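Asks: Just passing along the structure, written as structure tokens.
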Amino acid sequence: MKYPFKEVEEKWQKNWEDSKVYKTDLSDLAKKLYCLVMFIYPSGAKLHCGHWYNYGPTDSWARLKKLQGYNVFEPMGYDAFGLPAENYAIKTGVHPQDSTFKNIEDIREQLKTMGCMYDWDAELMTCVPEYYKWNQWLFIQLYNKGLAYRKKAPVNWCPSCQTVLANEQVENDGSCERCGAMVEQKNLTQWFYKITNYAEELLEGLNKIDWPEKTKLMQTNWIGKSTGSEVVFGIEGSNETFTVFTTRPDTLFGVTYAVIAPENELVDRITKPEFKKAVEEYRNSVKSLSEIERTSTVKEKTGVPTGAFAINPVNGEKVPIWIADYVLASYGTGCVMAVPAHDERDFAFAKKFNLPIRKVILKDGTGENDELLEAFTEVGTMINSEQFNGLPSDTGIEKVTDFLESKNQGKKKINYRLRDWLISRQRYWGTPIPIVYCEKCGELPVPENQLPVELPYDVDFKPDGGSPLAGNKDFVNTVCPKCGGHATRDVDTMDTFMDSSWYYLRYLNPRFSEGIFDTKLGNEWTPVDMYVGGAEHATMHLLYARFLHKFLRDINLVNSDEPFTKLIHQGTITNQGAKMSKSRGNVVNPDGFIKEYGTDVFRMYLMFMGPYELGGDWSDKGIVGVDRFVQRTYSLFEGAKDILKLSAPAAKYAVSEMNDAEKSVYRKVNQTVAKFAGEVENFRFNTAVAFLMELVNELSKNISGCRKEIAAYVFERFAVMLGPLAPHLAEECWNILGNETMLFEKPVWFEADPDALTVDEVTIAVQVNGKLRATVVVPVNSAQNDVKNAVFSDKKVLVHTEGKQIVKEIYVPNKIYNIVVK
RNA sequence: GCCGGGGUGGCGGAAUGGUAGACGCACUGGACUUAAAAUCCAGUGGGAGGUUUCUCCCGUACCGGUUCGAGUCCGGUCCUCGGUACCA
């Protein structure tokens, strides 16, 4: 009979649910295991293949652990705030809350058909007051510790989304990550979190976690630690000074000009009157450029002089001060000392504007007067540097800094590229920022007992450049918690990365009302043991979550340093070479495949496609192969109905007492058992599926030649191995065999019989000069002399060796016999 | 530009420095069938010859190296995918 996947899948899903098989007992900590996937954004596009590729195989991993006796907690929820719902509202008039709840209903149903082990009692969504109340609470804790602050800053403004984007959310070409519109620069007062306070610890912590090296490297580069010095320059005819950060104080004698970021306030004060016009024009021309455009390497260098001069602290020399867009206000001090001879950017700039280039580091083997054709940025010998002449430049770095320090004109400094996390969004569909502004008392946090600040339903979310909440007078107008006078609320909402930075703690009890989460459970169940999600979150979500976890630790709410012990990225499933997205219209909906083949086949096909971490281009060409495997498996089990009731298999059998078919089958099943768990354990699902296919091929051939009890032994193990990869099918097969309890109700896992893995004969490859010429079958672990006899009685070997001089023979036991001839 | 993956049959992909191509798709032949589909069995990297049981040559993007032996290690080149963007 054809495998009736629809009835079978529905039946076991219902049985699992009725028996609460996937309800995790969080009080049982003996073998606790927290397996987490990045929660889902409930868009109208529903679940697509990419989601399945994330969730299905991860669930298979978790199921292996469940069968191995772990107490697995696997929750699922909805990252429900965010721009797309609001954009959809602007387009269609459907309120974000209504569309979001509707989408969640639909997606929940889809998720349930996947048949994952989600503990649905732990389900959460971020757009309800019970959740976002704690975003606000957490904001206030950060505020009270001085880690949430406001500042005016140039920000990326997306004219289409009408919102500010973090740097990280702007694409390479200067377009908005979400809608693709070109991003502009705009100055707004915004809330920031001081993630930079944790820069060093975020860097250090990477050594303690089992994450992909490339992800750790990306975070390392993102944090961008660099060790150098701050050097104070005077300004001619002024009491003002400015500070530059440099990693190359050894080149200080080579400074021939200085550059200040065009936005820097100092520019107003130092620019000479006759330069004012040109400076203003240049500043305006730069304003329209995004940071991405400004810093493009292909862009020609631009800049103008200010007419002011800087005084070099080491030699008192006067050098002109320029402004140029290649210096960024947001990195370091926003001021740079320019050493064209030894910095590529400065070199290009100096060449273009005919500024002097002075060599102060001599490359070994070159002359002092040789012309420089490009900047020399490596270590050499210091020249033209007064008392430092002759020193190797790497030693000079420290000596020059010491000298500056003694004159109080510089010091060692560690600089980070990481910037503070901008969390304000001029948007409706998010967590209101719990701050009020009182005319008398100023800026005040909302008292904790007044939380949550509820997001009102009634707003006009037409895009007009401002925050939609500003239009709701009932929301905006409030009383000052301090003086009782009139006050207004902050009308911005929070970045949704806030929601996703601590959700893994809330899952443990989403209804907990006495605090942000149950700290006892948090300490017992986190860090998360296994976290699986896309590599695109390497520097945003995954860095923010680490930051807030450390903050929660510092206010004694968690007892660990890191949120996610082990991290895996699933690869991207593309379609016709492009990432699946609604806007491209290339989303592959799995529903049709589920209808035709069932959820187990679809899940297994995704796993069979290739290495999990590589992903690949979508094609349904091979799915019939997996379906055939399921059909063959099912009919094999049908032939073993109630076999466990008829014949209870022993724990192991002696191979010597078996017939050929039994030997072959018994060995194969034990070989499979021996390697299967390791494959699933390490997310090598493709080979795990292949091994089960090999087993089916073997059983098709030989199972009919086996005694009942051997067959029972084999089928029992086969059904259990199906468990992680095809849970519904496995449960059905387990039942067919005559088991009274469900596999996932009373988990079972088998170990291989080591005696079945030993072989008494091996095939050895015989090579002549590295070329395969024959194979010989010899007893396992044969001595070289015994093999040699077999080798040299082989005709093909003789053909290639006779009449030639044997130079050398290499024998690797049980593997190879190589003869080198001349 | 820099950093990090990856390049293996017609296709998806397997291979602790030791018989390259497991497993699957597609294809070919056979069985079953009135026929087709489904299923089952067999074959299947390319080429040359013997053509039944065989033998040889070539072959893991390209060039070179280490080694008895390289898809795997080393040096260089090309292509491709991701990350990043003058970070002083």
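The values are calculated or read from the model by the stated rules, or taken from the named source; none is laboratory data. Since the model is a prediction, treat every value here as computed from it, not as a measurement. We place every Cβ from the backbone using ideal geometry, glycine too, and count neighbours over all the protein chains shown.
Asks: Anything in the range A:97-150 that is surrounded by 21 or more Cβ atoms within 10 Å (Cβ to Cβ) and either among the acidic types (Asp, Glu) or on the phi > 0 side of the Ramachandran plot (or both)? List them, or say none.
Replies: A:Gly115
Asks: Exactly one of (1) touching a Ser or Thr at 6+ places or on another chain (Cβ under 9 Å); (2) free of Cβ contacts under 8 Å to residues at least 12 places away in the same chain is unmet by A:Ala487. Its number?
Replies: If we test A:Ala487 against (1) touching a Ser or Thr at 6+ places or on another chain (Cβ under 9 Å); (2) free of Cβ contacts under 8 Å to residues at least 12 places away in the same chain, just (2) comes out false.
Asks: Between A:Phe602, A:Phe637, which is touching a Phe, Trp or Tyr at 6+ places or on another chain (Cβ under 8 Å), farther than 27 Å from A:Glu740 by Cβ and within 15 Å of RNA strand B (Cβ to nearest atom)?
Replies: Values: A:Phe637 fails: farther than 27 Å from A:Glu740 by Cβ.
None of the other options fit; the residue is A:Phe602.
Asks: Among residues belonging to the range A:746-781 that are within 16 Å of RNA strand B (Cβ to nearest atom) and assigned to a loop (DSSP other than H, G, I, E, B), point out the one that is nearest to A:Gly598 (Cα to Cα). Spell out how you get there, then give the answer.
Replies: At the first step, the residues of the range A:746-781 found to be within 16 Å of RNA strand B (Cβ to nearest atom) are A:757, A:759-781.
Checking which are assigned to a loop (DSSP other than H, G, I, E, B) leaves us with A:759-760, A:769-770, A:780-781.
Numbers: A:Val759: 39, A:Asp760: 43, A:Asn769: 53, A:Gly770: 49, A:Val780: 45, A:Asn781: 48 Å.
Within the range A:746-781, the match that is nearest to A:Gly598 (Cα to Cα) is A:Val759.
Asks: Okay, moving on. Scan the range A:389-425 for residues that are part of a strand (DSSP E or B), away from RNA strand B (no atom under 16 Å from the Cβ) and either within 30 Å of A:Glu448 (Cα to Cα) or in contact with a Lys or Arg (Cβ under 7 Å, 6 or more places away or on another chain) (or both) and report the count.
Replies: Of all residues in the range A:389-425, those part of a strand (DSSP E or B) come to A:392, A:410-415, A:421-422, A:424-425.
Subsequent filtering for residues that are away from RNA strand B (no atom under 16 Å from the Cβ) retains A:392, A:424-425.
Filter once more, keeping what is either within 30 Å of A:Glu448 (Cα to Cα) or in contact with a Lys or Arg (Cβ under 7 Å, 6 or more places away or on another chain) (or both): A:424-425.
Residues meeting the conditions: 2.
Asks: Hey, could you check the range A:115-139 for residues that are more than 29 Å from A:Asn87 (Cα to Cα) and assigned to a helix (DSSP H, G or I) and say which is nearest to the chain's Cα centre (by Cα)? Outline the logic, then answer.
Replies: From the range A:115-139, those more than 29 Å from A:Asn87 (Cα to Cα) are A:115-122; that's our starting set.
With assigned to a helix (DSSP H, G or I) added as a condition, the list becomes A:120-122.
Working: A:Trp120: 25, A:Asp121: 27, A:Ala122: 24 Å.
Among those residues, the one meeting the criterion is A:Ala122.
Asks: Could you list, in sequence order, all residues of the range A:2-46 that are hydroxyl-bearing (Ser, Thr, Tyr), closer than 18 Å to A:Phe73 by Cα and under 26 Å from the mean Cα position of the chain (by Cα)?
Replies: Kept after step one, since they are hydroxyl-bearing (Ser, Thr, Tyr), are these residues of the range A:2-46: A:3, A:19, A:22, A:24, A:27, A:34, A:41, A:43.
With the extra rule that they be closer than 18 Å to A:Phe73 by Cα, the set shrinks to A:19, A:22, A:24, A:27, A:34.
Matches in the range A:2-46: A:Tyr34 only.
Asks: Can you tell me which residues in the range A:615-628 are surrounded by fewer than 20 Cβ atoms within 10 Å (Cβ to Cβ) and either within 6 Å of RNA strand B (Cβ to nearest atom) or at pLDDT 90 or above (or both)?
Replies: The answer is A:Gly616, A:Lys621, A:Gly622, A:Ile623, A:Val624, A:Gly625, A:Arg628.
Asks: Which of the strands (runs of 3 or more DSSP E) contained wholly in the range A:151-245 include at least 3 residues that are modelled with pLDDT of 90 or more, more than 23 Å from the chain's Cα centre (by Cα) and more than 10 Å from RNA strand B (Cβ to nearest atom)?
Replies: On the way: elements: A:163-165, A:184-193, A:226-235.
Because the criterion is at least 3 residues that are modelled with pLDDT of 90 or more, more than 23 Å from the chain's Cα centre (by Cα) and more than 10 Å from RNA strand B (Cβ to nearest atom), the strands (runs of 3 or more DSSP E) in the range A:151-245 that meet it are A:226-235.
Asks: Right, another one. For the range A:382-398, how many residues meet the condition of being out of contact with any strand residue (DSSP E or B) (no Cβ under 7 Å at 6 or more places or on another chain) and buried (at least 16 other Cβ atoms within 10 Å of the Cβ)? Break it down into steps so the answer makes sense when it comes.
Replies: Taking the range A:382-398 and keeping what is out of contact with any strand residue (DSSP E or B) (no Cβ under 7 Å at 6 or more places or on another chain), we get A:384-387, A:394-395, A:397-398.
So of that shortlist, the ones also buried (at least 16 other Cβ atoms within 10 Å of the Cβ) come out as A:384-385, A:397.
Going through the range A:382-398 one residue at a time, the tally reaches 3.
Asks: Hey, another quick one. Anything in the range A:694-744 that is acidic (Asp, Glu) and either within 16 Å of A:Met604 (Cβ to Cβ) or within 39 Å of the chain's Cα centre (by Cα) (or both)? List them, or say none.
Replies: Of the residues in the range A:694-744, the ones acidic (Asp, Glu) are A:694, A:698, A:709, A:716, A:731-732, A:740.
Passing the criteria: A:Glu694, A:Glu716, A:Glu731, A:Glu732.
Asks: Okay, next question. Need the failing condition index for A:Val655 against (1) among the aliphatic types (A, V, I, L, M); (2) near RNA strand B (Cβ under 10 Å from one of its atoms); (3) farther than 18 Å from A:Val720 by Cβ, just the number.
Replies: It is condition (2) that A:Val655 fails.
Asks: Can I ask one more? Whether any residue in the range A:363-381 is in contact (Cβ under 8 Å) with a residue 40 or more places away in the chain and either within 42 Å of the chain's Cα centre (by Cα) or surrounded by fewer than 22 Cβ atoms within 10 Å (Cβ to Cβ) (or both) is what I want to check. So that I can check it myself, show each step before the final result.
Replies: Initial filter on the range A:363-381 (in contact (Cβ under 8 Å) with a residue 40 or more places away in the chain): none.
The answer is no, given that none of the residues of the range A:363-381 is in contact (Cβ under 8 Å) with a residue 40 or more places away in the chain and either within 42 Å of the chain's Cα centre (by Cα) or surrounded by fewer than 22 Cβ atoms within 10 Å (Cβ to Cβ) (or both).
Asks: Going by what's in this entry, would A:Ala80 be described as more than 23 Å from A:Phe744 (Cα to Cα), surrounded by 23 or more Cβ atoms within 10 Å (Cβ to Cβ) and either out of contact with any Ser or Thr (no Cβ under 6 Å at 6 or more places or on another chain) or touching a residue at least 12 places away in the same chain (Cβ under 8 Å) (or both)?
Replies: Values: more than 23 Å from A:Phe744 (Cα to Cα): yes; surrounded by 23 or more Cβ atoms within 10 Å (Cβ to Cβ): yes; either out of contact with any Ser or Thr (no Cβ under 6 Å at 6 or more places or on another chain) or touching a residue at least 12 places away in the same chain (Cβ under 8 Å) (or both): yes.
It is true that A:Ala80 is more than 23 Å from A:Phe744 (Cα to Cα), surrounded by 23 or more Cβ atoms within 10 Å (Cβ to Cβ) and either out of contact with any Ser or Thr (no Cβ under 6 Å at 6 or more places or on another chain) or touching a residue at least 12 places away in the same chain (Cβ under 8 Å) (or both).
Asks: Here's a check for you: in the range A:1-42, which residue that is assigned to a loop (DSSP other than H, G, I, E, B) and of a type in the set (S, T, N, Q) is farthest from A:Lys641 (Cα to Cα)? Reasoning before the result, please.
Replies: Residues of the range A:1-42 assigned to a loop (DSSP other than H, G, I, E, B): A:1-4, A:19-31, A:38-39, A:41-42.
Next, from what is left, pick out any that are of a type in the set (S, T, N, Q): A:19, A:24, A:27.
Working: A:Ser19: 24, A:Thr24: 32, A:Ser27: 38 Å.
Per the criteria, the residue is A:Ser27.
Asks: Being part of a strand (DSSP E or B), within 6 Å of RNA strand B (Cβ to nearest atom) and within 18 Å of A:Ala783 (Cβ to Cβ) is the filter here; which residues of the range A:809-822 pass it?
Replies: Applying the first criterion (part of a strand (DSSP E or B)) to the range A:809-822 yields A:809-812, A:816-821.
Subset that is within 6 Å of RNA strand B (Cβ to nearest atom): A:810, A:812, A:816, A:818, A:820.
Those that are part of a strand (DSSP E or B), within 6 Å of RNA strand B (Cβ to nearest atom) and within 18 Å of A:Ala783 (Cβ to Cβ): A:Ile810, A:Val812, A:Ile816, A:Asn818.
Asks: Shifting gears a bit: Can you name every residue in the range A:331-386 that is in contact with a helix residue (DSSP H, G or I) (Cβ under 8 Å, 6 or more places away or on another chain) and of a type in the set (D, E, K, R)?
Replies: Answer for the range A:331-386, where residues must be in contact with a helix residue (DSSP H, G or I) (Cβ under 8 Å, 6 or more places away or on another chain) and of a type in the set (D, E, K, R): A:Asp343, A:Asp346, A:Lys351, A:Arg358, A:Lys359, A:Glu374, A:Glu386.
Asks: Another question about this same structure. Please go through (1) modelled with pLDDT under 95; (2) closer than 30 Å to A:Asp59 by Cα; (3) within 16 Å of RNA strand B (Cβ to nearest atom) for A:Lys795 and return the number of the only condition it doesn't satisfy.
Replies: (2)
Asks: Could you check, for the range A:736-745, whether at least one of its residues is free of Cβ contacts under 8 Å to residues at least 60 places away in the same chain and either assigned to a strand (DSSP E or B) or within 11 Å of RNA strand B (Cβ to nearest atom) (or both)? Spell out how you get there, then give the answer.
Replies: First, the residues of the range A:736-745 that are free of Cβ contacts under 8 Å to residues at least 60 places away in the same chain: A:740-741.
Retained after the next criterion (residues that are either assigned to a strand (DSSP E or B) or within 11 Å of RNA strand B (Cβ to nearest atom) (or both)): none.
No: zero hits.
Asks: Which residue, of A:Val780, A:Val766, A:Val812, is among the aliphatic types (A, V, I, L, M) and either surrounded by 14 or more Cβ atoms within 10 Å (Cβ to Cβ) or in contact with a Cys (Cβ under 8 Å, 6 or more places away or on another chain) (or both)? Let's see the steps before the verdict.
Replies: Values: A:Val780 fails: either surrounded by 14 or more Cβ atoms within 10 Å (Cβ to Cβ) or in contact with a Cys (Cβ under 8 Å, 6 or more places away or on another chain) (or both); A:Val812 fails: either surrounded by 14 or more Cβ atoms within 10 Å (Cβ to Cβ) or in contact with a Cys (Cβ under 8 Å, 6 or more places away or on another chain) (or both).
Just a single option satisfies the conditions, and that option is A:Val766.
Asks: Contact list please: Cβ distance under 7 Å, first residue in the range A:779-803 and at negative phi, second residue among the basic types (Lys, Arg), pairs at least six apart or on different chains.
Replies: If the second residue must be among the basic types (Lys, Arg), the pairs left are A:Lys796/A:Arg773; A:Val797/A:Arg773; A:His800/A:Arg773.
Asks: Out of A:Pro84, A:Pro57, I need the residue that is under 23 Å from A:Asn682 (Cβ atoms), under 26 Å from the mean Cα position of the chain (by Cα) and assigned to a helix (DSSP H, G or I). Which one?
Replies: Details: A:Pro84 fails: under 23 Å from A:Asn682 (Cβ atoms).
Exactly one residue qualifies, and that residue is A:Pro57.
Asks: Could you please find all residues in the range A:674-702 being in contact with a Lys or Arg (Cβ under 9 Å, 6 or more places away or on another chain), of a type in the set (D, E, K, R) and within 7 Å of RNA strand B (Cβ to nearest atom)?
Replies: A:Glu694, the sole residue that qualifies.
Asks: Before we move on, is A:Tyr612 more than 11 Å from RNA strand B (Cβ to nearest atom), surrounded by 20 or more Cβ atoms within 10 Å (Cβ to Cβ) and either assigned to a helix (DSSP H, G or I) or under 37 Å from the mean Cα position of the chain (by Cα) (or both)? Can you show your working first?
Replies: On the way: more than 11 Å from RNA strand B (Cβ to nearest atom): no; surrounded by 20 or more Cβ atoms within 10 Å (Cβ to Cβ): yes; either assigned to a helix (DSSP H, G or I) or under 37 Å from the mean Cα position of the chain (by Cα) (or both): yes.
No, not satisfied.
Asks: For residues that are within 16 Å of RNA strand B (Cβ to nearest atom) and over 25 Å from A:Gly316 (Cβ atoms), scanning just the range A:344-374, find the one that is modelled with the lowest pLDDT.
Replies: A:Glu374
Asks: Next up: Take the residues of the range A:538-561 that are more than 13 Å from the chain's Cα centre (by Cα) and crowded, with 21+ Cβ neighbours inside 10 Å: which is nearest to A:Glu200 (Cα to Cα)?
Replies: Step one: of the range A:538-561, the residues more than 13 Å from the chain's Cα centre (by Cα) are A:547-561.
With the extra rule that they be crowded, with 21+ Cβ neighbours inside 10 Å, the set shrinks to A:547-549, A:551-552, A:558.
Details: A:Phe547: 11, A:Leu548: 14, A:His549: 15, A:Phe551: 14, A:Leu552: 17, A:Val558: 20 Å.
This residue is A:Phe547.
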